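The values are calculated or read from the model by the stated rules, or taken from the named source; none is laboratory data. The model shown is predicted, which means the values in this text are computed figures rather than measured ones. Note that we place each Cβ from the backbone using ideal geometry, even for glycine, and neighbour counts take in every protein chain shown. With ligands, DNA and RNA removed, areas are computed over all heavy atoms of the protein, side chains included. Shrake-Rupley method; radii C 1.70, N 1.55, O 1.52, S 1.80 Å.
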Amino acid sequence: MSASRYPSSILTINLSAVAANWRLLQDRAGPGAQCAAVVKADAYGLGVDRVAPALWDAGCRSFFVALVDEALRLRKILPQAAIHVLNGLDPDAEAEYAQHRLVPVLGSLSEIKAYCSFARRRGKLLPAAIHIDTAMSRLGLPPSEVEALAASSDCLQNISLTYILSHLACADEPESPLNFEQLSCFSNAIKRLGLAVGAAGASLANSSGIFLGEQYHLDLLRPGSSLYGINPQPGEVNPMAQVVRLQGKILQVREIDSPKTVGYGATFQARGRTRLATVAAGYADGYLRSLSNKGSAFLGDVRVPIAGRVSMDLTIFDISQAPEEMAVPGGFIDLIGPANPVDSLAFDAGTIGYEILTALGSRYGRVYVDEKAPV
Ligand SMILES: *Cc1c(COP(=O)(O)O)cnc(C)c1O
C-alpha cells in the first residue's frame, strides 16, 4: 500500500505481469537480439522503484530513461544495469555520466563533439550511443550530420559506441510505407558510418516495432508501453498481459426519480429513475476531463457510463443498469480493469494509453502485486 494513510481509490500494479510481458518480448526477439526496457517517466507512471527490479529479476539488463535525473535514480535501484539516457547530452551533467556509468544517447554532431572532448579531457574512453534521425525530426543526427560524421570518424576517438539507434514514427501502423523507409535509411546510415562504429549494435524497434517483424529487431529491442500492458498492435488482440487495475471508491450512491441535472455545467440530465454513484477520482488524478459524458467504468461486467463532467476530485457514474447490491458506498468500481483496459479508456478520452498511464495521479493508494513475493 502507498504512503497515504487513508487512500480512497486504489491503483494496483501487477509486477508479475510486467515481468511476463518482458519475457514474451525477449522470446519473440530475433536471433541475437536482446530485449531492453524503457522505464522513462517513472516507468510510464507505474513506479520505477518497483518496476525496474521486477524487470531485472525477469532477466532484463539494459534500461532506457529520458533524463539524467531519471538515470541517477535508476542507478541507485539497479547498480549493475546498463543505463542509456535518451534525451541526449546534458552539458551540465557530463561528469555524472562518467561517474555513474550512464550512457548518453548523443543526438547531434555537436553533442558528439562535446562528449568526445569531455572524454579526451578525462583521458578516458567513455561509452555512448548515437541517435540517427530517420523520420521523427525530433532528436538524432539528420542525414547531413551522418555524412559529416562519416567523413570525420576521428570525432569518435574517445568514445566506445554501445549502440546506434533510431526511432520509428509509425510503428503502430504496420501498413505505413514509412516503416520500411526508416529501416532502409537506418541501415544505410549504419553502412555509411561502418568504419567508425566498430562493434556497436543497432537498435530501432519500440513496442510496436517489435511486431513489424524480425528484420526490425536488429541487436536491441526498446519496448516501453507494451511492458505495461498497452497493446502494441492496435486493432488486434492484445498479446500483452494487463498490468494496471484502477478501482474507484464509491463515496455516495443516490437515486433520482424526478428530472435533475448532474455535475458542472449541468451537461447530463437524469430523466426518470436513475441511480448515480459518486466516485473518488477526477482529473487531478489523471482521470481525464475529456472522458466527460463519454467514458465508462465497470461494476463487475456491467458497463456504467460517466454522467456529466469529470471534476477535479470526483466523477459521477450512471449505475442504473448495475445490480443494487454491487454499488454501495465504500465499494469500488473498475475505472481501469479486466473489462476496460487502459487502451479502451484512452480511446474514450480521445488519447493513447501512454497518456493515461503517465497521467495517473499520486493520490491513489498504490498496491504492487508480485506473485513471487506477495505484498
Ligand atoms: C519512449 C521510447 C521508446 C519506447 O516506446 P514504446 O512505444 O513505449 O515501446 C523507445 N525508443 C525511444 C527513443 C523512445 O523515446
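Out of everything in region 108-135 that is farther than 17 Å from I190 by Cβ and within 16 Å of the ligand (Cβ to nearest atom), what residue ends up being surrounded by the most Cβ atoms within 10 Å (Cβ to Cβ)?
Going through region 108-135, the residues farther than 17 Å from I190 by Cβ turn out to be 108, 110-111, 113-127.
Next, only the ones that are within 16 Å of the ligand (Cβ to nearest atom) stay: 108, 111.
Working: S108: 18, E111: 21.
It comes out as E111.
Could you figure out which of (1) over 26 Å from G229 (Cβ atoms); (2) open to solvent by 10 Å² or more (accessible area, probe 1.4 Å) isn't true of S290?
Only one criterion is unmet by S290, namely (1).
Scanning for something open to solvent by 10 Å² or more (accessible area, probe 1.4 Å) and in a helix (DSSP H, G or I), does region 243-250 turn up at least one residue?
no
Could you check region 165-182 and list, in sequence order, the residues that are more than 13 Å from the ligand (Cβ to nearest atom), outside any loop (DSSP other than H, G, I, E, B) and either open to solvent by 40 Å² or more (accessible area, probe 1.4 Å) or more than 19 Å from Q233 (Cα to Cα) (or both)?
Within region 165-182, P177, L178, F180, E181 meet the criteria.
State which residue pairs qualify: first residue touching a residue at least 40 places away in the same chain (Cβ under 8 Å) and open to solvent by 20 Å² or more (accessible area, probe 1.4 Å) and inside region 82-102, second residue within 16 Å of the ligand (Cβ to nearest atom) and part of a loop (DSSP other than H, G, I, E, B) in any location, beta carbons under 7 Å apart, and separation of 6 or more residues or different chains.
Correct list of pairs: L86/A66; N87/A66; N87/L67.
Within region 206-213, identify whether any single residue is outside any loop (DSSP other than H, G, I, E, B), within 26 Å of A52 (Cβ to Cβ) and either more than 11 Å from the ligand (Cβ to nearest atom) or open to solvent by 40 Å² or more (accessible area, probe 1.4 Å) (or both), and answer yes or no.
Keep residues of region 206-213 that are outside any loop (DSSP other than H, G, I, E, B), which gives 207-210.
Next cut, within 26 Å of A52 (Cβ to Cβ) only: 207-210.
The next check asks that each one be either more than 11 Å from the ligand (Cβ to nearest atom) or open to solvent by 40 Å² or more (accessible area, probe 1.4 Å) (or both); those that pass are none.
No, region 206-213 contains no residue that is outside any loop (DSSP other than H, G, I, E, B), within 26 Å of A52 (Cβ to Cβ) and either more than 11 Å from the ligand (Cβ to nearest atom) or open to solvent by 40 Å² or more (accessible area, probe 1.4 Å) (or both).
What number of residues within region 72-114 are in contact with a Gly (Cβ under 6 Å, 6 or more places away or on another chain), in a helix (DSSP H, G or I) and under 21 Å from L221 (Cβ atoms)?
0
Looking at region 320-330, can you tell me whether even one residue there is in a loop (DSSP other than H, G, I, E, B) and under 15 Å from I230 (Cα atoms)? Before the answer, list the steps.
Applying the first criterion (in a loop (DSSP other than H, G, I, E, B)) to region 320-330 yields 320-323, 327-330.
Imposing the further condition that a residue be under 15 Å from I230 (Cα atoms) reduces the set to none.
No, region 320-330 has no match at all.
When you go through L218, L227 one by one, which is the residue that is in a loop (DSSP other than H, G, I, E, B), within 14 Å of the ligand (Cβ to nearest atom) and buried (at least 24 other Cβ atoms within 10 Å of the Cβ)?
After ruling out the rest, the residue left standing is L218.
Find all pairs meeting these conditions: Cβ atoms under 7 angstrom apart; at least six residues apart or on different chains; first residue within region 208-229 and polar (S, T, N, Q); second residue not in a loop (DSSP other than H, G, I, E, B).
Final answer for the pair search is Q215/L183; S225/Y44; S225/S207; S225/G353; S225/Y354; S226/N21; S226/L25; S226/S207.
Checking the structure you have, find out if any residue of region 297-305 is within 22 Å of the chain's Cα centre (by Cα) and within 29 Å of Y228 (Cα to Cα).
If we filter region 297-305 for residues that are within 22 Å of the chain's Cα centre (by Cα), which is where we start, we get none.
The answer is no; no qualifying residue exists.
Out of region 337-372, which residues are of a type in the set (V, I, T) and not in a helix (DSSP H, G or I)?
Within region 337-372, T351, I352, V367, V369 qualify.
State whether the residues of region 252-268 include one that is under 16 Å from S344 (Cβ atoms) and open to solvent by 30 Å² or more (accessible area, probe 1.4 Å). Can you show your working first?
Just the residues of region 252-268 that are under 16 Å from S344 (Cβ atoms), to begin with: none.
No: region 252-268 contains no residue that is under 16 Å from S344 (Cβ atoms) and open to solvent by 30 Å² or more (accessible area, probe 1.4 Å).
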